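For reference, the structure I am asking about is given below.
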Amino acid sequence: MGLYLALGIAAVLFGIGLYGVLSQTNLVMIMMGIELILGAAMLNLVAFWRFLHPDSYAIQMFVLVVMTVMALEAAVGFAIATQRFRSKGSVESEETSDLKG
Amino acid sequence: MSWLVVIVLYPAGLYLLAVVEHWSSTGFWVWGRPCALAAQGLLQESVRPKQRDKVFYESAPLLLLGTAVLALAVLPFGAGLIAAPLATGALFLNAALAYVMVALLMAGWAPNGVYAMIGGWRFLGQLIAYSMPIVMAITAVVMRAESMALDRIVGSQATLWNLIYQPVGFVLFYLAALALAFLPPFDIPQARGELAGGVFAEYTGWRWLQIRLARMVLVLALSLAVAVFFLGGSGGPWLPGLAWTFLKTMAVAVSFFLCGRLLPRVRHDHTLEWSWKFATPAALFNILWVGILLLL
Amino acid sequence: MLMATLGLAGCLWGAGRRSTLDEPGKTVPFQSGRLDPDPAWGRYHVRYYGFALLFLAFDMEMAYMYPWAVVYRELGVPALLDMGVFLLILFLGLLYTLSQGGLRRQ
Amino acid sequence: MNTLPLLSLTLFLPLLGAVLALLSRQQPKRCHAIAVVISTVTLVLAVLAGLRGVGPGFTQIEEAAWIPSIGAAYRLGVDGFSYPLVLLTSVLFLGSFIFSAKIRDHPGSFVAVGLFLEMACLGVFLSLDLVLFYVFFELTLVGMYFVISKWGHEGRKKAALLFFLYTLVGSLFLLLGLLSLYLHSEPRTFDMRALIAAPPAIGGQLAALTFGALLLAFAIKTPLVPFHTWLPAAHTEAPAAGSAILAGILLKLGAYGFIRISLQMMPETFREHAWIVITLGVISAIYGALVALAQTDLKRMVAYTSVNHMGYLVFGVGIAALAAPQARGFALTGASLQMISHGIVTGMLFLLVGAVSDRTGGRREMPAMSGLLRSFPKLGGLFVFGSFASLGLPGLAHFPAEFQIFLGGFNVSPWAVAAILLGLVLTAALYLRAIQTAFMGEPNPGLLRRRDDLTARELWAIVPLAALTLAVGVFPGWITSLIHATAERLQF
Amino acid sequence: MKQDLIAILPQLVVLATAMAVLCFEMLGRPRGGLITLATGMLAATALGIAWMGRETTAFSGTFRVDTLSHWAILILCPSAILVALLARSEVGGRPREGTLYSLLVFSTLGSAILAGAGDLMFLVLGVLLNGLSGFALAAHPKDDPSSEGAMKYFIYGSVTGAIMTFGLAYWVGMTGTTYLSALAGPMEPLPYALGFIALLAGLGYAASLFPFHFWTPDTFEGAPVSVAAFLSVTPKIGAIFALAQVTTQLPDAFRQVSLLLLALVAAASMTFGNVVALWQDKLVRLLAYSTVAQSGYFLLGPIAIGHSPLALPTLVVFGIAYAAMNLGAFAIVLAHGRTIDALHGLGRRHPWAAAALTVFLLSLVGIPPLAGFAGKFLLFGAALDAGFGWLAVIAILNSAISLAVYLRIIHPVYFKPPSGPKRDIAMPLRVTWATCLFLTLAAGLGMQWMIAAAR
């Protein structure tokens, strides 16, 4: 039961994150969606570890890896956002229309 | 029984610290000062900015207090005197203290005033500066104790205090603790005389009292942490462990305020720069040092 | 005694609740005497982006270091070497930031 | 292999020539000299290779390891089917180079591309390995694309694109077919000899699909109706020499593929689906003739007669798959001979049309022309001669080929032969009409830009082809004996 | 441990090179960085050749030392050198030139990790390392278009990466380990499907496969041409090789349907890439769409792997061919202009460059005997062998469309009047395209060596 509850919450988190990613236009907001998705992934992993495979170290390790992914993507994302902000004054992805064809 | 002693002893310690703090900033030794301040705070009119973020405004002082209490909860006041004996105590302590930053940011954001806001952002910058040294110093301690449980950490210093074993780590932790508690010389988030009170510029009355209390508890918690991590905690001859812990804690806390009295304030960009240029490498060096010592 | 202290504090608090004069400037945040300050909820150039990004990277490294620290003594030299290489790479990042002027106030 | 590798020399000499031409691209005369000399030497080498003896099976094998891991190798060799085509290629290229020695627009590039094309065409006929075959098969497209789009007429860009795209689709399907053959051979190999000796056992639907892919590939290349639409555009826009080579050699690649790959490597499947091939052949023959009849443009007309002639050819191959051994020999020999005849005759006709349009300032509408025979007796005479050859007059090149095809066809399906004979009649009609409108009558002085008859250079290019037409028509035996021996050996 | 390190020595050399290059950048000596890059990458390549034939795993089976990971080194390291040469002539002298070199190597390392991934964590980390360096590379010039391109790249990359991580969590939950080889174990359909689709998203983005390719044209156009060239080659090869590592391990129960999904993606990529490329006037965008199409072809390899002995050599040969011809084409674009108009009459002005461009483009179409033919020939063979004949037919029709695409470039190169004067082209550029030209021409003849080594 606990497993399905956790998976359900993770799925909801994922859904919110995906919705955020798809509906938001601001880079920072999109990154928040991404973090939610990754959070959902971590919740999934932890739930699987706790309820299905309590002796698996690999899963714990994977959680750490996902955390790293989160942090580094945030770092690079903010770096790009900063640069974008400096060059354009906005981080709205809707305003990115210089490149098309 | 021991707990009862703790409950009496540490509030008294807090009172003492408040007196010392007043001395450190004004030079006057007034025993009744904390009482007077408390009465003043309670009587004072509550002046609140109109366009504030109500939730943040009210919850920030409480969060600060809660953080400090949480930190205290995992620290051993003596042998076996831990409110919450966690196997991952060191990590928990670190995690709990991270919320100081959240509380200060909330407090800075809430009143919609520039001074407070700037103070808040400055503390965020300070966090970026102090957290690496503090975390790495704890790591080095954990390496020696082979455990993150704080009583095991105390136990590991039975023969030799970490102060001697890893002096670099001690210095870093000590300075970082100062910064974490935004005590002088790292008090730029508040920066009396510059930012008109900084983060807490818009707090008055009993809310302001909460903040002062939280600050004192925080200082106490950090002093206790220094005592536990580097000064052998409850270890010591003749006196009971409880007393040793208390004495060490008070000594550290008083020395914190002494530092504030003796050292000039550090600009937050200097904090950042020096932290990353010198403190972080030094912390890495400390880890290496401990690593090599442990293998010998 | 505790009761007495609390009671006193309660009285004082109650006394502090009394209604006060409605003066101009009381409900606005302090801004050196300006009574119509601009809202502060906006964007600030906090000038430590570089540090913040560096911090993110280093902070993640700690997630690996805690478990490592616990088992360090058991594993011995290989653990030292492993983490040594890892930290070396990380430290290189720090040096790089330093060399590119990332550790200066922007 | 101790002997001189004549076939490899023949194959790569033009490539050497191409490089030489590129290096001396500043001097037009030297470029054309290189072209003529190299292609002459190539022809000589090819003839020498033939003098060594071409047997009924593959002879003069030259083999070198290339990709042993997948069973592909550099394998060259000739048999009765391929050797005449090698000769045809060298002859026709020589003729074309002589004819185009007047080109002044980037002659170095022209010669280089032309020699490159010659190498590719020779490679297709010489290679005994499917990968090698495919490589050269595609290379011809690249060469021809550049010939058309650089030295072609007004609509060349579109025509070149159409040609390239259309035939590339075809050759890509060929690739699929070849891969399918490879994957079903046991052990897996691209060696044509092995594949012919033991046709890959492809079963059921897959066999049909493979056959379909090959059919599509060769039908586009040959071209058969309804895949012929690229041909008129390409022919019309290509320069004269380009058209001659396109019609004379490139079309043969498809026909050669029909015999060499479809028929020899998938005999059973071919037999099952031979009716499709025969039907396509008949339709192409009649349709090509009918459309040619409707043309007013001289060059387009000749182009469509190619469709007609290729129809006979494919018809012959289809018949060969169904017929009893005796008749098969006739049909196959006829089909092979048809390749040669068509190469010579149509090549010659296209060169002549080129000569005509040189003299009319690029105009080729037959109603506007008139009295060419009187204006240019040599040119006109040769054209009439070529037309008669093309319509199958006995004693000229096409007659023995078509005769044998029909002879084989009678054993299988007299009705189909009857139908296809209609095409023959139509061809005769359209050529006679063309001769009547364009060559007879009074000259139209407003049309002509130049009044001189064929120059020596043009004669050098065309007369040998005419001579060959006559030779093949009168003494077909020297070629058919070769082909027949090979065709007899086919056993399925 | 020691064996592990020896087994992954080529990858370690790549890592060391990246760090060394970074050190040179710190000292302010980009040229030294370039030389170090070349030396280090050559060393890695040499090690890769020396290590050829080893079949083992490192770190208790999480990293596979096999044909794919060896060849990834052999393809990616020389490509990195070539790209660095391109970058030298494009951004040489600008600030943070050496950083670019270092990032190139880090990204290469990411791809090399992906190519040998035997573990889901390596997949995640490989995509991450690859992606992060890629974002930074794309944003390198710090101007408006580049930051826009980098932003789009980042958004697509991190979103698909996050989705991939989320989906892979289900696989981990089902199997209890992170090994790819554990996939064959008991597996429920729904978690499997979620994981597979997520994986496809994550790797598909790196390979710019059809539904995940939207960043490609914008990022390529915004980034420096050399970076675009790099992004078109390195992440793609890493991701496709990683897909191949996964498809060899698919559980039998879901194998067919998974491959079918891959096949559909491949077909869509090819068709979409080629058809859209038909309408592009900017060369970089055109090439960007063409890389989408080429990934579609490339995907035939992972689909066929395990079903056809040709599949493994195919991946290798097409990888080499793709790297050579694509880098070459980008090098010419860098040297002679980013629009089709700029190339008008190139055949008149720079005959050799024009000839090289023609060779690269025809090779992209798959005209023999060029490298692209060698690759496609084997790809189609592998697809047929694996029973995906229909996919091979689609691939073939697409080759024809791609011919139309590339002829749009070739035609004006030869048959339009020159649009500008003759220019001096920097030496590194010429070296690059000459090398690519040689490889493109030689691949057909040298196929045997590659195939034999890949078996």
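The values are calculated or read from the model by the stated rules, or taken from the named source; none is laboratory data. What you are looking at is a predicted structure, and each value in this text was computed from that prediction instead of being measured. Because the Cβ atoms are built from the backbone with ideal geometry, glycine has one as well, and the counts that use them run over all protein chains shown.
For residue B:157, work out the one condition from (1) surrounded by fewer than 21 Cβ atoms within 10 Å (Cβ to Cβ); (2) in contact (Cβ under 8 Å) with a residue 40 or more places away in the chain; (3) over 30 Å from residue B:25 (Cα atoms); (4) not aromatic (Phe, Trp, Tyr) it doesn't fulfil.
Failed condition: (1).
May I ask you to list the residues in region B:243-296 that are more than 8 Å from chain C (Cβ to nearest Cβ), aliphatic (A, V, I, L, M) and either out of contact with any helix residue (DSSP H, G or I) (no Cβ under 6 Å at 6 or more places or on another chain) or surrounded by fewer than 20 Cβ atoms within 10 Å (Cβ to Cβ) (or both)?
Within region B:243-296, B:243, B:247, B:251, B:254, B:258, B:262, B:263, B:266, B:282, B:293, B:296 meet the criteria.
Which one of B:140, B:176 is in a helix (DSSP H, G or I), under 14 Å from residue B:230 (Cβ atoms) and in contact with a Pro (Cβ under 9 Å, 6 or more places away or on another chain)?
Every option except B:176 fails the conditions.
Let me ask something else. Looking at E:360, E:388 in this structure, which one is more than 8 Å from every other protein chain (Cβ to nearest Cβ), crowded, with 24+ Cβ neighbours inside 10 Å and farther than 26 Å from residue D:146 by Cβ?
E:388
Let me ask something else. Taking region E:137-168 on its own, how many of its residues are at the interface with chain A (Cβ under 7 Å from one of its Cβ atoms), surrounded by fewer than 24 Cβ atoms within 10 Å (Cβ to Cβ) and not in a helix (DSSP H, G or I)?
Summing the residues that are at the interface with chain A (Cβ under 7 Å from one of its Cβ atoms), surrounded by fewer than 24 Cβ atoms within 10 Å (Cβ to Cβ) and not in a helix (DSSP H, G or I) in region E:137-168 gives 2.
Can you tell me how many residues in region D:295-344 are surrounded by fewer than 24 Cβ atoms within 10 Å (Cβ to Cβ) and among the β-branched types (Val, Ile, Thr)?
Of the residues in that region, 1 qualify.
Being buried (at least 24 other Cβ atoms within 10 Å of the Cβ), within 12 Å of chain D (Cβ to nearest Cβ) and under 30 Å from residue E:346 (Cα atoms) is true for just one of E:443, E:400. Which residue is that?
From the options E:443, E:400, the qualifying one is E:443.
Here's another thing I want to ask about it. Mind telling me which of the residues A:18, A:43 ends up being within 20 Å of residue E:176 (Cα to Cα), buried (at least 18 other Cβ atoms within 10 Å of the Cβ) and more than 7 Å from chain E (Cβ to nearest Cβ)?
The unique qualifying residue is A:43.
Looking at residue D:271, is it within 29 Å of residue D:213 (Cβ to Cβ) and modelled with pLDDT under 90?
Yes, satisfied.
While we're on this one: So, residue D:183, is that one at pLDDT 90 or above and among the hydrophobic types (A, V, I, L, M, F, W, C) or not?
no
Which of the following residues is among the hydrophobic types (A, V, I, L, M, F, W, C), part of a helix (DSSP H, G or I) and more than 19 Å from residue E:319 (Cβ to Cβ): E:104, E:34?
Among E:104, E:34, only E:34 is among the hydrophobic types (A, V, I, L, M, F, W, C), part of a helix (DSSP H, G or I) and more than 19 Å from residue E:319 (Cβ to Cβ).
Which numbered condition in (1) at pLDDT below 90; (2) more than 14 Å from chain C (Cβ to nearest Cβ) is the only one that residue B:197 fails?
For residue B:197, the failing item is (2).
If you check B:169, B:232, which single one turns out to be within 29 Å of residue C:80 (Cβ to Cβ), away from every other protein chain (no Cβ under 14 Å) and buried (at least 24 other Cβ atoms within 10 Å of the Cβ)? Break it down into steps so the answer makes sense when it comes.
Working: B:169 fails: away from every other protein chain (no Cβ under 14 Å).
One residue alone meets the criteria, B:232.
Among the residues that make up region E:266-275, is at least one of them aliphatic (A, V, I, L, M) and either crowded, with 23+ Cβ neighbours inside 10 Å or free of Cβ contacts under 8 Å to residues at least 24 places away in the same chain (or both)?
Yes: region E:266-275 contains one or more residues that are aliphatic (A, V, I, L, M) and either crowded, with 23+ Cβ neighbours inside 10 Å or free of Cβ contacts under 8 Å to residues at least 24 places away in the same chain (or both).
If you go through region D:181-198 one residue at a time, do you hit one that is touching a Phe, Trp or Tyr at 6+ places or on another chain (Cβ under 8 Å), within 10 Å of chain E (Cβ to nearest Cβ), free of Cβ contacts under 8 Å to residues at least 60 places away in the same chain and not small (Gly, Ala, Ser)?
No, the conditions are met nowhere in region D:181-198.
So, one more: Taking residue D:340, is it touching a Gly at 6+ places or on another chain (Cβ under 7 Å) and not basic (Lys, Arg)?
Judged against the criteria, residue D:340 is not a match.
I'm told residue D:202 meets every condition in (1) part of a helix (DSSP H, G or I); (2) within 14 Å of another protein chain (Cβ to nearest Cβ); (3) surrounded by fewer than 24 Cβ atoms within 10 Å (Cβ to Cβ); (4) touching a residue at least 60 places away in the same chain (Cβ under 8 Å) except one. Can you identify the failing condition by its number?
Result: residue D:202 fails condition (1) only.
Does region C:37-81 hold any residues that are more than 13 Å from chain A (Cβ to nearest Cβ), of a type in the set (Phe, Trp, Tyr) and not in a helix (DSSP H, G or I), and which are they?
C:41
Restrict the check to region B:4-19 and report whether at least one residue is touching a residue at least 40 places away in the same chain (Cβ under 8 Å) and either charged (D, E, K, R) or not in a helix (DSSP H, G or I) (or both).
no
Which condition breaks for residue A:63 when tested against (1) β-branched (Val, Ile, Thr); (2) facing chain E (nearest Cβ under 8 Å); (3) closer than 14 Å to residue E:165 by Cβ?
The one condition residue A:63 does not meet is (2).
Can you tell me how many residues in region E:169-187 are facing chain A (nearest Cβ under 8 Å) and either assigned to a helix (DSSP H, G or I) or over 16 Å from residue E:249 (Cβ atoms) (or both)?
4
Pairs needed: first member in region E:362-390, within 13 Å of residue D:175 (Cα to Cα); second member anywhere, in a loop (DSSP other than H, G, I, E, B); C-beta distance under 7 Å; at least 6 residues apart or different chains.
Correct list of pairs: E:373/E:366; E:373/E:367; E:376/E:366; E:378/E:310; E:381/E:310; E:382/E:308; E:382/E:310.
Of the conditions (1) within 13 Å of chain D (Cβ to nearest Cβ); (2) among the hydrophobic types (A, V, I, L, M, F, W, C); (3) surrounded by fewer than 17 Cβ atoms within 10 Å (Cβ to Cβ), residue E:407 clears all except one; give me its number.
It is condition (3) that residue E:407 fails.
Please determine, by comparing only the residues of region B:27-65 that are modelled with pLDDT of 80 or more and polar (S, T, N, Q), which one is surrounded by the most Cβ atoms within 10 Å (Cβ to Cβ).
Of everything passing the filter in region B:27-65, B:59 is surrounded by the most Cβ atoms within 10 Å (Cβ to Cβ).
Condition first: farther than 23 Å from residue C:88 by Cα and over 23 Å from the mean Cα position of the chain (by Cα). Now tell me which residues in region E:17-49 satisfy that.
E:31
Which of the residues belonging to region E:399-447 are more than 26 Å from residue D:176 (Cβ to Cβ) and charged (D, E, K, R)?
Passing the criteria: E:416, E:422, E:423, E:424, E:430.
Tell me which residues, restricted to region E:351-380, are more than 21 Å from the chain's Cα centre (by Cα) and more than 19 Å from residue E:407 (Cβ to Cβ).
Once the filter is applied, which keeps residues that are more than 21 Å from the chain's Cα centre (by Cα) and more than 19 Å from residue E:407 (Cβ to Cβ), region E:351-380 yields E:352, E:369.
Restricting the search to region B:59-86, which residues are more than 17 Å from residue B:99 (Cα to Cα), in contact (Cβ under 8 Å) with a residue 12 or more places away in the chain and among the small types (Gly, Ala, Ser)?
Answer for region B:59-86, where residues must be more than 17 Å from residue B:99 (Cα to Cα), in contact (Cβ under 8 Å) with a residue 12 or more places away in the chain and among the small types (Gly, Ala, Ser): B:78, B:79, B:80.
Given the criterion more than 8 Å from chain C (Cβ to nearest Cβ), in a helix (DSSP H, G or I) and not basic (Lys, Arg), identify the matching residue among B:93, B:86, B:124.
B:93
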